[in-house]
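Inspection log for the structure reproduced underneath, given as structure tokens.
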Amino acid sequence: MSNHEPDSPHFDGSRRLTGPNLFFSTTGAILEARGVAAKNDLAHQRWQQLASEMCVALGWDMSGINFVIRVHREMTSLVLSAPLDQLFTATEVNEWAWLSAVAYMHPELVVTNATNATNGTTERENDVGDMVAALARLRKESAAEHNPALMKLVAAAAIHQQSLLIDEDRVSIGGGVGALSYPIDALPVADKIDWTAVHAIPTVLVTGSNGKTTTVRLIAAMAKAAQRVPGYSCTEGVFVDGEQLAAGDYSGPGGARSVLRDPRVDCAILETARGGMLRRGLAVAHAGVAVVTNISADHFGEYGVDSLDDLADAKLIVAHALDKRGCLVTNADDPVLVRRSGHLWPKLALFAGDYQHTLLQKNRAQGGSVCGVENGKLKMFHQQTEHDLGAINAMPLTVDGSAAYNVANISAAVLAASMLGFSPAIIAGVLANFGRSRFDNPGRLEYWEMDGVHVFVDYAHNPAGLSGLLTVANHRRLPKGGRLGLLLGQAGNREDDDIEALAKTAAAFAPDLILLKDIDGMLRGRDAGEVPDLLRATLLLAGITAEKIIVGQTELAAAKQLVAWAKPADVVVLPMHNVEARALMHTWLDTRAAS
């Protein structure tokens, strides 16, 4: 039943956890309980009792089974760990135990078996509260799912200290140039594998609220300059040695597996989005470096994330994959990250805007690595040596130093690259050139100038990202007194407060024209026009006059209209999120610039 659409008033989502996750470092199943019993302590206790009894009856080793109950604002996470080859069964155990607990606490809410039969409901619903009938069903499912060959391979890989990547079709051992891959229904006998041919490759996990893709691309460029064959996955696709293998959002487990199974790759840099970690857990159980760029208000209300602390904990799941000698790279300027990360990992590398930041000084004194800005220079302390990496204003990615958020992304990438063993000279060389061409970092701070009109295309998708982007735009327009045009929209799965915060951020920069859009393919449960209407209402309350706001166009049409409106010295800012619309806009801008 795993991964189904919600079909019960008592829970909303039931799925496998296929790797290290928010709750434990093993595999398992999670159910998001809703309804009248979701926050009832007695119902929680009953769920755990029934789930435990069913796990025992199925013959699972209870020494490896954990139960977690986490109450959130809108729902409750009920989580149990389970053997790798029993995850679909574990979701069924979880659902049966919870529905049975609800029936025990509130029998009036559970449909009777007689009524079920007339309504055509499933066998699972008919054995609610019936341990004997449910056990008979679940034993069949458990036996069908049991995979002795897989479990023997998992045990052998652990003995040889090698990681595995597993999905519905394939199992691979090791990574990149050191990987062996097999169909899941044709696994080899463990002692027939040439374990000398299997090894891991340097792997970096990158997450955060902003700057993930830029940081990933920077590290990959540094790896390329160091004569490595980098593979990376991000929200824009999968890339190996400069070649794009797939387009689209690959910041989840699928992208990580694609990179780590490519036989050319000897260094993997993997964007690791919050959603994938919360839905499935990490695909990668072993990494040498984990980077968390920052935390800002976004995605509240999803998967039990109700606060900045919740969001930080979700992002910091990447630390669970670090090897014993691994390093967590994080942002000393972010108080939430500092508070939530200090206890997670003994080896920290810290970056901040100020090289003399108190936490950076402390980390240097303890022999840790740091990176920050001092007297206009980017400085790094690593392996007891201080390095000058060049003037911030001379680094193209900083746009004359105005893109402070990219200074942070650069610092994070510098520390990650240093942990991979890349020399300061190689790192500095990349920083002096990366971003000079807009093709270095497509979709992020891309820039055109046409007849004196300045156009920026970016992925800014939350208040922090938009504020940074508009700060750069002001840096370009203010010296000549140009006007500011802005394209503004948001995905429908954000809460109203998040959408309003985006509009307030835009209003603070007093744009001369704002075109509001729905994002193609990102309504995500809202009606067409609902998000633009909410943005417009907030902009009006913030003091933007009605004649400066236009509502209701597609992303591409609105972007073109803004460019057509602009005059010399004006700046047009286009946060574009639909991949197809952005690609068409690129072509249109290139053609217009050439003519």
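At full extension, residue 56 and residue 159 could sit 34.4 nm farther apart than now, given 0.36 nm per residue minus the alpha carbon distance.
Here the accessible area of the stretch 184-241 is 53 percent carbon and sulfur, with a 1.4 angstrom probe and all protein chains present. Ranked from largest to smallest solvent-accessible area, with a 1.4 Å probe on the protein heavy atoms, 449, 236, 495, 547 come out as 547, 449, 495, 236.
Rounded to the nearest 500, the helix-only mean residue ellipticity at 222 nm of the chain stands at -11000 deg cm²/dmol, with each DSSP H run of n ≥ 4 adding -39,500 (n - 2.57).
The mean accessible area for residues of the chain, using a 1.4 Å probe and ignoring ligands and nucleic acids, is 40 Å² per residue.
The residue 182 and residue 593 beta-carbon pair, evaluated with R₀ = 51 Å, returns a calculated FRET efficiency of approximately 0.55. FRET efficiency for the pair residue 496 and residue 437, taken as 1/(1 + (r/R0)^6) with r the Cβ-Cβ distance and R0 = 56 Å, rounds to 0.90.
Residues 509, 456, sorted by accessible area with the largest first, give 509, 456 [1.4 Å probe; ligands and nucleic acids excluded]. Each part reduced to its alpha carbon centroid, the stretch 569-595 and the stretch 167-232 end up 34 Å apart. Here residue 74 and residue 264 are evaluated by their C-beta separation; at R0 = 45 Å the FRET efficiency comes out at 0.50.
Residues within the reach of a label modelled at residue 325 (point 7 angstrom out along Cα to beta-carbon, backbone nitrogen below 17 Å), restricted to the stretch 242-269, are 267-268.
Here the spin labels are modelled as points 7 Å beyond Cα on the Cα-Cβ line, and at residue 170 and residue 189 they lie 2.5 nm apart. Taking all protein chains together and a 1.4 Å probe, the residues 377, 517 rank 377, 517 from largest to smallest accessible area.
Annotation: extensible slack from residue 569 through residue 554 equals 2.8 nm (criterion: 0.36 nm per residue apart, minus Cα-Cα distance).
The share of accessible area on the stretch 347-499 that comes from carbon and sulfur is 50 percent, using a 1.4 angstrom probe.
The values are calculated or read from the model by the stated rules, or taken from the named source; none is laboratory data. Given the structure is predicted, the values throughout are model-derived calculations rather than measurements. Note that each Cβ is placed from the backbone with ideal geometry, even for glycine, and that neighbours are counted across all protein chains shown. Side chains included, ligands, DNA and RNA excluded: accessible areas come from the protein's heavy atoms. Shrake-Rupley method; radii C 1.70, N 1.55, O 1.52, S 1.80 Å.
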